[in-house]
Amino acid sequence: MIQTLPLVLSIVMSELAIGSFVLLYVLDWRSEVRRSFLLFFTIIYLFFTALTYLFQQSFASQPLLDSFERLDKQWTGYAGPTLLAFLLLLVPYLLFLMLDRRAGVDGKEKALHTGEEKTGPFSVLRFLRLVSGGLASAAGLLMLFVLGMIYRPLAPSPLGGVLTVLSFFIAALAVGGVMTSMWLGHWYLVTPALSERPLLFSTAVVLIAIVFQILLTLVGATVGSPAISTAATHATQSTATAIATPMPTSSALSTPTAVKPAGVPTVSPLSMDVLGWLRILLGFAFPLVLGALTWKLARERSFQSATGMLYLIVVMTLAGEVLARGMFLSAL
């Protein structure tokens, strides 16, 4: 588990960075949020992606990935360049966003007040911004595909490999989507006059992603779980070792050894079954219920309560995703 922890963190950080920006880009494309919101969190996601890239190069680089026999080494060399491309393509998107004063819902409001339409250089800036943001999103999605292909061999069957690749896209949408939704809900506290439509949309995206995660888990359970198979293999090996170990002789029994005091319970690590239930509760059940409640609160324009719910969903989805990736990589 200690050896795979850097891989788990690298995967979750990549999913978070890519999923957060993709939803932010969709919100920009819909022109329903403030330009200041787009600008501020594009800068935040740019720095977080840079941190993710540095972490990957330090703790989940190609030589480290190649040291694991079960990973697909034909794809390990593409993880770094695709993540770097995603990082670099965020820069022109941020630049065009800074130049376009009518980005987001601000441009719509100015057009309504002045009776003008977005023409001339502003439409050109919007086009360039959306193109650069689309290329950045495409690079991020390519990065998720590369991650899926790298870890695909850990699946117990070809169908499981396909589900593994899909799981990276859906997890990024769930983990990253709820992060952007949470920041958007927080933004309503300073701009209460903003329409509830973007928050309803982002919350709906998160709920759909969680539902798809549940469906993937149910389908994946029918083709077997690598984590459970590995745990069963280790348990079988431990049992065989215990049977093959000879009983100590009388001379060995006379040697003083450390004896556990009577009545003291034996403490053992959590089983895969327990971790699986924790993942279901933290990653699926609670976020789904709280997400539905958040959508209802946002529809009623109770933004402060909705934001509080989103904070809880962020913590739970992140914890659930870390558990899920840790269990999956236990097959290493």
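Here are some notes:
- Selection status of A306, of a type outside the set (D, E, K, R), touching a residue at least 12 places away in the same chain (Cβ under 8 Å) and surrounded by fewer than 16 Cβ atoms within 10 Å (Cβ to Cβ): no
- Near pairs, Cβ below 8 angstrom, 6+ apart or cross-chain, from region 133-146 (within 15 Å of L46 (Cβ to Cβ) and touching a residue at least 12 places away in the same chain (Cβ under 8 Å)) to any residue that is among the charged types (D, E, K, R) and part of a helix (DSSP H, G or I): G133/D28
- First in region 192-210 and buried (at least 24 other Cβ atoms within 10 Å of the Cβ), second anywhere and outside any helix (DSSP H, G or I), Cβ under 6 Å, 6 or more apart: P198/E32; P198/V33
- No other residue among V22, V26 is at pLDDT 95 or above, among the hydrophobic types (A, V, I, L, M, F, W, C) and touching a Leu at 6+ places or on another chain (Cβ under 9 Å) apart from V22.
- L7 vs. criteria aliphatic (A, V, I, L, M), closer than 28 Å to A319 by Cβ and in a helix (DSSP H, G or I): yes
- Of all residues in region 49-76 being surrounded by 14 or more Cβ atoms within 10 Å (Cβ to Cβ) and hydroxyl-bearing (S, T, Y), the one that is farthest from V190 (Cα to Cα): T76
- If the condition is being surrounded by 14 or more Cβ atoms within 10 Å (Cβ to Cβ), in a helix (DSSP H, G or I) and at pLDDT below 85, then region 103-134 contributes V105, D106, G107, K110, A111, F122, S123.
- Among the residues of this structure, L99 counts as one that is over 18 Å from the mean Cα position of the chain (by Cα) and either β-branched (V, I, T) or at pLDDT below 95 (or both).
- Complete set of residues in region 279-303 that are β-branched (V, I, T) and surrounded by 15 or more Cβ atoms within 10 Å (Cβ to Cβ): I280, T294
- Exclusive hit being surrounded by fewer than 24 Cβ atoms within 10 Å (Cβ to Cβ), on the phi < 0 side of the Ramachandran plot, of a type in the set (A, V, I, L, M, F, W, C) and in a helix (DSSP H, G or I), set M179, M143, M149: M149
- Considering region 152-176, the residues that are among the aliphatic types (A, V, I, L, M), touching a Gly at 6+ places or on another chain (Cβ under 6 Å) and part of a helix (DSSP H, G or I) include one that is surrounded by the most Cβ atoms within 10 Å (Cβ to Cβ), namely A172.
- Candidates L46, L24, L16, L39: the one that is farther than 21 Å from R325 by Cα and surrounded by 24 or more Cβ atoms within 10 Å (Cβ to Cβ) is L24.
- Within region 22-38, if we keep just the residues that are of a type outside the set (F, W, Y) and either in contact with a Ser or Thr (Cβ under 8 Å, 6 or more places away or on another chain) or not in a helix (DSSP H, G or I) (or both), the residue that is farthest from P192 (Cα to Cα) turns out to be V22.
- Within region 135-163, being polar (S, T, N, Q) and modelled with pLDDT of 95 or more holds for one residue alone: S137.
- Residue check, G185 part of a helix (DSSP H, G or I) and at pLDDT 90 or above: yes
The values are calculated or read from the model by the stated rules, or taken from the named source; none is laboratory data. Values in this document were obtained by computation on a predicted structure and should not be read as measured data. Cβ: placed from backbone, ideal geometry, glycine included. Neighbour counts: every protein chain shown.
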